[in-house]
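Below is one structure, written out as structure tokens; comments come after it.
The values are calculated or read from the model by the stated rules, or taken from the named source; none is laboratory data. On a predicted model such as this, the values are computed, not experimentally measured, just so you know. Here Cβ is always computed from backbone atoms with ideal geometry, including for glycine, and neighbour counts include all displayed protein chains. Only protein heavy atoms, including side chains, enter the accessible area calculation; ligands, DNA and RNA are left aside. Shrake-Rupley method; radii C 1.70, N 1.55, O 1.52, S 1.80 Å.
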Amino acid sequence: STASQNASTSVLRDYSFTLYSVLLKMGIYYDGHPFSLGLAITTPSVRVTGTGSVQGTATSFNQDTDGDGETNAVLSVLKPVDKKARYQTPLAISIGASWKADTRTVYFSAEWYNKVDPFRPIDSDPLKSSLFENDLLIETNSVINFAVGLEQRLSSKSLLFFSALT
């Protein structure tokens, strides 16, 4: 475009999906005195069924969108519906412990989540317009969350609790 022309581009996307998945969570717990310990494993989810849609509009005015040296106006509409959808959850392993002493209990827990490689939640390729394509990718990094807690019994009917977590 030249200095006397205005140019604009607008891209709107709407991603929607509904999924049904299953996962397994298994754990073991030892209830001892004064220490208690626990370990749990959560499997990645397995898709049962799911559908999704990608809808969008893209407009461009006074821009060379096709590379021919001429400015043009483009209106693109993308509306695929009922496409296969999926969502991946990571493997997770958690541990927890508590220590009881008189009227006080101290808690500690940690949970590790594995990374999830990039994936497209709605399988709608090759869906493209001249201005945009279905570029929604989801990925997660590996992370460890920690938590600590303190419980103080004040009476037979009340207690004070403090916790902090990442």
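Sort the following peptides by mean Cβ neighbour count (other Cβ atoms within 10 Å, averaged over residues), highest first: 37-43, 90-96.
Highest to lowest by the protection proxy: 90-96, 37-43.
Compute the distance in nm between two label points, each set 7 Å from the Cα along the Cα-to-Cβ direction, one at ALA110 and one at ILE28.
Each label point lies 7 Å from its Cα, and together they span 1.9 nm.
Taking 0.36 nm per residue of sequence separation and subtracting the Cα-Cα distance, how much length would be gained by fully extending the chain between LEU160 and THR43, in nm to one decimal?
Gain on extension, LEU160 to THR43, equals 38.7 nm.
Rounded to a whole number, what % of the accessible area of the chain do carbon and sulfur atoms account for, probe 1.4 Å?
57
About its Cα centre, what dipole magnitude does region 9-110 give when the only charges are +1 on Lys and Arg Cβ and -1 on Asp and Glu Cβ, stated in debye to the nearest 20?
680
Tell me, what is the per residue accessible area of the chain in Å², probe radius 1.4 Å?
67
Using a 1.4 angstrom probe on the protein heavy atoms only, line up PHE119, PHE161 by accessible area, largest first.
Reading off the accessible areas and sorting them downward yields PHE161, PHE119.
Largest first, how would PHE162, PHE146 line up by accessible area (1.4 Å probe)?
Ranked list, largest accessible area first: PHE162, PHE146.
Rounded to the nearest 10 Å², what accessible area does SER21 have for a 1.4 Å probe in the complete protein model?
Number for this one is 50 Å².
Applying 1/(1 + (r/R0)^6) with R0 = 41 Å to the Cβ-Cβ distance of GLU70 and ILE138, what FRET efficiency is obtained, to the nearest 0.05?
My answer for the efficiency is 0.60.
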